[in-house]
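Q: Following this message is one structure expressed as structure tokens.
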Amino acid sequence: MLKSLDDLLRSTPLTIDVVIEHEWTGAFPVKGVEMEATVLYVELPEYYRLTLELGPAPMLIHGNMFVAWLERLVERAGISAVYSISGLSVSLIFSSLCGSGTPCIDALRVARLMGENDVFGFQPSIGIGSGVIMAGSASFKACSHSSLSGRPLLVANACARVRPAGHYASCISLPVAEWSESVFDDVFAPRRFQDADQEDVHEEPLLWEPGRARMIDIPGIGGLEILDIASFIHWNSRDRAEQKSRDWFVELQRKGYYRKS
């Protein structure tokens with residue numbers, strides 16, 4: 001089950017809940033929940049190219065299709081998480097506070113589903129980081145906006161953006177410190193299935209391979225050793241997200257649902 005950061009802040013006892021006042025700012029609230037969590041950072045690649053080529057309305061369709069696809073995969077996994085959406089990216093938060101029993105394992109399971117069910121050819125950049133984060137809200141007098149802060153968010157973001165070279169179909173990157181062979185065997189083991197007659201049991205081929213550890217540099221943090229887990233089985237996407245966004249926009253225009261001001 002997915003819920004928003006706003007839902008979390010409304011339903012969870014706050015770690016900090018005060019009003020600060022200063023002559024230059026007036027009174028402003030500081031509200032937040034601190035927690036141990038794993039951040040799964042998922043980013044649409046080529047966001048700027050897509051924005052320019054598709055145009056505003058088709059890009060809106062594309063972005064919402066991306067979010068809906070992620071939500072369906074989390075529901076399919078039967079995992080609880082909190083989400084935060086920011087333009088070209090979605091951060092999924094897995095924590096015992098959010099109902100996750102094994103945060104890093106749950107994040108990896110959702111990431112695996114992304115790589116194996118990329119029906120629209122999103123090929124998102126995927127990074128993972130774990131540790132203490134703060135979910136909080138920043139408020140104007142008329143509205144507020146919830147956001148995340150903390151080292152794990154920076155790590156997950158960097159792991160996703162500093163992608164390795166290669167012709168892989170999907171890649172999940174995370175710090176070596178969060179990796180172990182037992183984790184790989186648990187999350188990425190080949191699945192077994194039976195024939196329709198329930199007699200023969202087959203095992204699918206190994207779809208994911210761990211690579212060699214590599215160093216990346218994160219501003220403000222320094223060098224970090226990370227590992228990439230890649231799949232080289234490319235999904236044959238019949239409905240590419242870019243084209244579907246264009247097609248749906250044309251259909252909205254045809255039916256009169258797009259009313260340009």
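The values are calculated or read from the model by the stated rules, or taken from the named source; none is laboratory data. Because the structure is a prediction, the values reported are computed rather than measured. All Cβ positions, glycine included, derive from the backbone under ideal geometry; neighbour counts span all protein chains shown. Just the protein is used for accessible areas: all its heavy atoms, side chains included, with ligands, DNA and RNA removed. Shrake-Rupley method; radii C 1.70, N 1.55, O 1.52, S 1.80 Å.
Q: Tell me which residues, restricted to segment 112-124, are touching a Pro at 6+ places or on another chain (Cβ under 7 Å) and either of a type in the set (A, V, I, L, M, F, W, C) or more than 14 Å from V67 (Cα to Cα) (or both).
A: Of everything in segment 112-124, just one residue is touching a Pro at 6+ places or on another chain (Cβ under 7 Å) and either of a type in the set (A, V, I, L, M, F, W, C) or more than 14 Å from V67 (Cα to Cα) (or both), namely M114.
Q: Could I ask something else about it? So, in segment 226-241, exactly how many residues are closer than 23 Å to I172 by Cα and either open to solvent by 90 Å² or more (accessible area, probe 1.4 Å) or modelled with pLDDT under 80 (or both)?
A: Of the residues in segment 226-241, 7 are closer than 23 Å to I172 by Cα and either open to solvent by 90 Å² or more (accessible area, probe 1.4 Å) or modelled with pLDDT under 80 (or both).
Q: Would you please name the residue that is nearest to V155 (Cα to Cα), looking only at residues in segment 189-224 that are in contact with a strand residue (DSSP E or B) (Cβ under 9 Å, 6 or more places away or on another chain), at pLDDT below 90 and open to solvent by less than 50 Å² (accessible area, probe 1.4 Å)?
A: Going through the qualifying residues, I end up with L207.
Q: Has segment 29-39 got any residue that is modelled with pLDDT of 95 or more, touching a helix residue (DSSP H, G or I) at 6+ places or on another chain (Cβ under 8 Å), within 21 Å of G99 (Cα to Cα) and open to solvent by 30 Å² or more (accessible area, probe 1.4 Å)?
A: Within segment 29-39, one or more residues are modelled with pLDDT of 95 or more, touching a helix residue (DSSP H, G or I) at 6+ places or on another chain (Cβ under 8 Å), within 21 Å of G99 (Cα to Cα) and open to solvent by 30 Å² or more (accessible area, probe 1.4 Å).
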